[in-house]
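Notes follow once the structure below has been shown.
The values are calculated or read from the model by the stated rules, or taken from the named source; none is laboratory data. These numbers come from a predicted model, not from an experiment. Heads up, the Cβs are rebuilt from the backbone with ideal geometry, glycines too, and the neighbour counts pull from every protein chain shown.
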């Protein structure tokens, strides 16, 4: 199907070519956004509950100071934890997958620096990680 250009279309095209204004580079804008979004990942496999909580406390404070926007916390699924067989321990609070986000959520000082903890990821039995999103220091 061939369609002839109208005189108006030709004139519009010529005006476009003669125009000295720059056309917005959308790809560039997208890259700038990605550069401003900083994220860190931490793997807590092998940490004791106490050490994992201390590590997260320190990491959240440091990340907040450095305007890190997102933390990805790898805890493992807890499927190989020996705590599941101990009737004297809470499964939810002795496995890092549940205890670390619980520790953070109950700490008022840390929560002042956090926008959102993705508890859907925490509660997903197929995931061994969760994300948390930090507030920006310069926007408080």
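What to note about this one:
- Restricting attention to segment 49-60, the residues being surrounded by 11 or more Cβ atoms within 10 Å (Cβ to Cβ) and either over 16 Å from the mean Cα position of the chain (by Cα) or without any contact (Cβ under 8 Å) to a residue 40 or more places away in the chain (or both) number 8.
- Residue 83 being at pLDDT 95 or above, on the phi < 0 side of the Ramachandran plot, surrounded by 10 or more Cβ atoms within 10 Å (Cβ to Cβ) and in a helix (DSSP H, G or I): no
- Only one entry in 93, 110 is at pLDDT below 65 and touching a helix residue (DSSP H, G or I) at 6+ places or on another chain (Cβ under 9 Å), namely 93.
- Of the residues contained in segment 69-80, none is found to be touching a helix residue (DSSP H, G or I) at 6+ places or on another chain (Cβ under 8 Å) and either exposed (fewer than 10 other Cβ atoms within 10 Å of the Cβ) or at pLDDT below 60 (or both).
- Residue 65 vs. criteria loosely packed, with under 11 Cβ neighbours inside 10 Å, at pLDDT 85 or above and under 30 Å from residue 115 (Cα atoms): yes
- Some residue of segment 15-36 being at pLDDT 90 or above and not in a helix (DSSP H, G or I): no
- Residue 50 under 30 Å from residue 74 (Cα atoms), modelled with pLDDT of 80 or more, in a helix (DSSP H, G or I) and out of contact with any helix residue (DSSP H, G or I) (no Cβ under 7 Å at 6 or more places or on another chain): yes
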